[in-house]
Amino acid sequence: MRIDLHTHSSVSDGTDSPAELLSTAAAAGLDVVALTDHDTTAGWGPAAEARPAGLTVVPGMELSCRWFPDDQPPISVHLLGYLFDPLHAAFVAERARLREERLSRGERIVVALAADGHPVAWEAILERSAGGVVGRPHIARALVEAGVVSSVDDAFATLLHHRSPYYVAKADTDVREGIGLVRAAGGVPVFAHGMARSRGRVVGDGAIAAMVDAGLLGLEVDHPDHTAEERDHLRNLAAVHGLLTTGSSDYHGTNKRTPIGACTTDPGQYEALIAAATGSTLLSD
Ligand SMILES: [Zn+2]
Ligand SMILES: [Zn+2]
């Protein structure tokens with residue numbers, strides 16, 4: 001059984017529609033794929049309608065969170081939530097707040113770029129986001145099309161970098177609160193790419209222990225941005241805390257080079273994950 005538990009469609013910052021993503025997953029020989037768009041469940045309905053026979057879809061989401069260390073600035077962390085109740089009121093309210101934050105953040109970045117003479121317009125980017133979440137990848141593509149930068153990577157390395165004067169910080173959920181919301185909604189919270197140093201500052205083992213105290217149930221271990229040493233460390237930590245371990249591609253369509261199914265989840269770990277969920281059901285035959 002081949003299981004990929006972390007992918008993004010065009011509902012957030014991927015390039016495939018949910019239907020295209022599922023046919024890509026089936027063509028790649030996957031048996032199970034989780035749809036985990038950022039801060040929204042808007043892809044769940046289209047995924048249920050478009051699911052190819054034989055493919056199991058795990059409804060999920062990747063929540064934008066923060067860890068607040070005692071002695072340093074906050075660290076951005078991502079929390080995967082699986083099979084939670086999408087209508088749980090407190091969780092719905094928090095997702096709405098995050099989407100609003102992200103919209104206004106994108107707008108502030110674009111308005112500042114335009115004010116300095118860069119040929120980008122907020123309305124044009126918003127129109128092309130198809131009503132989903134507007135993230136920095138959307139702005140990056142607009143900058144590429146306007147000829148300001150040569151590629152999406154180039155945009156992230158320069159104008160959209162967190163040290164760029166155009167950077168606007170996010171007001172994300174405290175990760176312990178995020179874990180509590182996923183659990184309250186009957187879902188399974190898994191800490192995403194927790195040691196991927198290439199993505200920025202990472203939290204230490206103490207933070208992960210605190211997340212376990214808050215109700216964390218799993219660690220994403222086999223992720224394209226983790227080195228072999230980082231995977232070993234996380235696997236040991238999972239054993240110490242009695243956590244599930246998962247693997248995924250973090251597929252984003254053509255926005256990133258990683259193919260779907262690049263890393264996968266052990267079937268036994270997958271079975272334990274779905275057994276721990278009570279909030280919603282798998283989409284399957
Ligand atoms: Zn992530
Ligand atoms: Zn992701």
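Only residues that are under 17 Å from residue 37 (Cβ atoms), touching a Leu at 6+ places or on another chain (Cβ under 7 Å) and outside any helix (DSSP H, G or I) were counted in the range 103-145, giving 1.
Closer than 15 Å to residue 168 by Cβ, modelled with pLDDT of 90 or more and of a type in the set (Val, Ile, Thr): does that describe residue 120? Yes: the conditions hold for residue 120. Among the residues here, residue 119 does not qualify as at negative phi, away from ligand 2 (no atom under 16 Å from the Cβ) and either among the basic types (Lys, Arg) or buried (at least 17 other Cβ atoms within 10 Å of the Cβ) (or both).
Put simply, of 90, 25, 48 the only residue that is touching a strand residue (DSSP E or B) at 6+ places or on another chain (Cβ under 9 Å) and more than 16 Å from ligand 2 (Cβ to nearest atom) is 48.
I'd like to know if the range 187-197 contains one or more residues that are surrounded by fewer than 16 Cβ atoms within 10 Å (Cβ to Cβ) and not in a helix (DSSP H, G or I).
no
Within the range 252-285, if we keep just the residues that are of a type in the set (S, T, N, Q) and in a loop (DSSP other than H, G, I, E, B), the residue that is surrounded by the fewest Cβ atoms within 10 Å (Cβ to Cβ) turns out to be 281.
Residues in the range 256-285 that are at pLDDT below 95 and over 22 Å from residue 12 (Cα atoms): 285 alone. Whenever a residue of the range 196-208 is modelled with pLDDT of 90 or more and within 15 Å of ligand 2 (Cβ to nearest atom), it has no partner that is open to solvent by less than 70 Å² (accessible area, probe 1.4 Å) and of a type in the set (Lys, Arg) lying with C-beta atoms less than 8 angstrom away and at least six residues away or across chains. The set of residues in the range 161-198 being farther than 27 Å from residue 4 by Cβ and among the aliphatic types (A, V, I, L, M) consists of 168, 169, 171.
Considered as a group, the residues in the range 146-164 that are aliphatic (A, V, I, L, M) and part of a helix (DSSP H, G or I) include one that is surrounded by the fewest Cβ atoms within 10 Å (Cβ to Cβ), and that residue is 157. Taking every residue in the range 47-72 that is farther than 20 Å from residue 21 by Cα and pairing it with any residue that is within 16 Å of ligand 2 (Cβ to nearest atom) and assigned to a loop (DSSP other than H, G, I, E, B), at least 6 positions away or on another chain, the pairs with Cβ-Cβ distances below 6 Å are 64/39; 64/172; 65/172; 66/172. Only one residue in 33, 11 is buried (at least 24 other Cβ atoms within 10 Å of the Cβ) and away from ligand 1 (no atom under 16 Å from the Cβ). Which one? Only one candidate passes the filter, namely 33.
The values are calculated or read from the model by the stated rules, or taken from the named source; none is laboratory data. In this text the structure is predicted, and so the values were computed from the model without any measurement. No Cβ is skipped: glycine too gets one built from the backbone with ideal geometry, and neighbour counts run over all protein chains shown. Side chains are part of the model used for accessible areas, which takes the heavy atoms of the whole protein and leaves out ligands, DNA and RNA. Shrake-Rupley method; radii C 1.70, N 1.55, O 1.52, S 1.80 Å.
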